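Every read-out reported here was derived from the displayed coordinates using simple, explicitly stated rules and does not represent laboratory data. Worth saying up front: this structure is predicted, and the values here are computed from it rather than measured. Cβ placement follows ideal geometry from the backbone for every residue including glycine, while neighbour counts extend to all protein chains displayed.
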Amino acid sequence: MQNETLTNIFWGLFFVWFGIMSTYTKGDLFAAVNSPVFGLGVGVLLIILNVARFVLHLRVSPFTLTIGFLVFTVDFSSVFLKINIPFLPLILIIAGVLILVSSLRSMRYFG
């Protein structure tokens, strides 16, 4: 199996999960995306995607694996341990800026 096929399977599972959560929230897409249960499912999917890559001897993505563990950990603590992490938005902004800078640097705009 190729990495592209596996990635497409993940996207299919992601949209099925998103549809399930949207149905659960009676079509309220914002409530579905903001639900910690949705994040928990996405984290599990990202981890499973990389485990499958490892088992199939494909290149594991450190980025999606890290995001998967981060989302899983944060939403697991929210759903099961009832711990709120108020600085999560700041972590997401910093991660996004780091990804943007890394991408721009690889395009040789900044040397």
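Both numbers refer to the Cα atoms of the chain; Rg and Dmax are 15.9, 49 Å.
Of the peptides 61-72, 39-50, the order by per-residue mean of other Cβ atoms within 10 Å, starting with the highest, comes out as 39-50, 61-72. Ignoring everything except DSSP H segments at least 4 long, calculate the 222 nm mean residue ellipticity for the chain; use -39,500 (n - 2.57) per segment, divide by total residues, nearest 500. Per the formula, -25500 deg cm²/dmol. Going from the fewest other Cβ atoms within 10 Å to the most, the residues 106, 22 appear in the order 106, 22. Ordering of 7-18, 94-105 by packing is 7-18, 94-105, highest average first (other Cβ atoms within 10 Å, averaged per residue). Could you tell me the center-to-center distance, by alpha carbons, between segment 8-38 and segment 44-111 in angstrom? Answer, in whole Å: 18.
Using the Kyte-Doolittle scale, which helices in the chain average at least -0.5 and also have C-alpha atoms spread 30 Å or more along the helix axis, with helices defined as whole DSSP H runs? What comes out of the filter, once short or polar helices are dropped, is 3-24.
Shown for 75, 28: other C-beta atoms within 10 Å of each C-beta, ranked fewest to most, produce the order 28, 75.
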